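Bear in mind these aren't lab numbers, they're just calculated from the coordinates by the rules spelled out. Values in this document were obtained by computation on a predicted structure and should not be read as measured data.
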Amino acid sequence: MVNNVYMGTNSKKDRIISACISEFTMRGYEKCSTGLIAEKAGVSKALIFHYFGNKEKMYHTVVSYAIGFYVAEIEKNVKLLPGDIIHNLRETALLKSRINYQYPLMTEFIMKCFKEERLGKKFITDNYRYAKKMYQEVYGNISTDLFKKGINIVMAIKAMVNAFDGYSYNYVYGQNSSDSSYNWAKIYQDLDELAGFFKRCFYK
């Protein structure tokens, strides 16, 4: 039986959500059964249907929860500077590194949703409203006057997003699970250097 590491509670519904994230991540939607989820959560199948109705509705609920959890963590902890896209990408990459490390199954679950052709992508799109505000804060009202003359700002932003997102994901999954191997000082240094590199390339 699992406890809910995301909500910090041990209620039956919360244990079901935690079990769903684990099972859907490992097996995907099609191969995952409500029986497996019920067993892992320590509840009956009847209770799952009572809370969620059916497997598809349960999956949709868990997708909504996962995206909402991820976005709420970023909104709560990231210190954004209006208009400064490089600073904001650095800040979000740092927090994403922490989320990916603390909740690796959550990250994997969201990523696998994009690969679930029948339901995952649809549910991600349906829940875009959860992420819209965060994206507006990070990418909205970018101060174009910070950039050097002649820079293709759209392409520069794409390059920076790929670099920062790639770092926050790849560093986590390049480590083992022990806390001692996770060098936060190096992460801060690497992200500072990456931000400095892009400022030298793109900013005045």
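Things to note:
- Average silhouette area of region 1-101, convex hull of alpha-carbon atoms, in square nanometres: 7.2 nm²
- Of Lys13/Lys115; Lys55/Lys112; Lys55/Lys115; Lys149/Lys199; Lys79/Lys149; Lys13/Lys79, pairs whose Cα-Cα distance is over 22 Å: Lys13/Lys115; Lys79/Lys149; Lys13/Lys79
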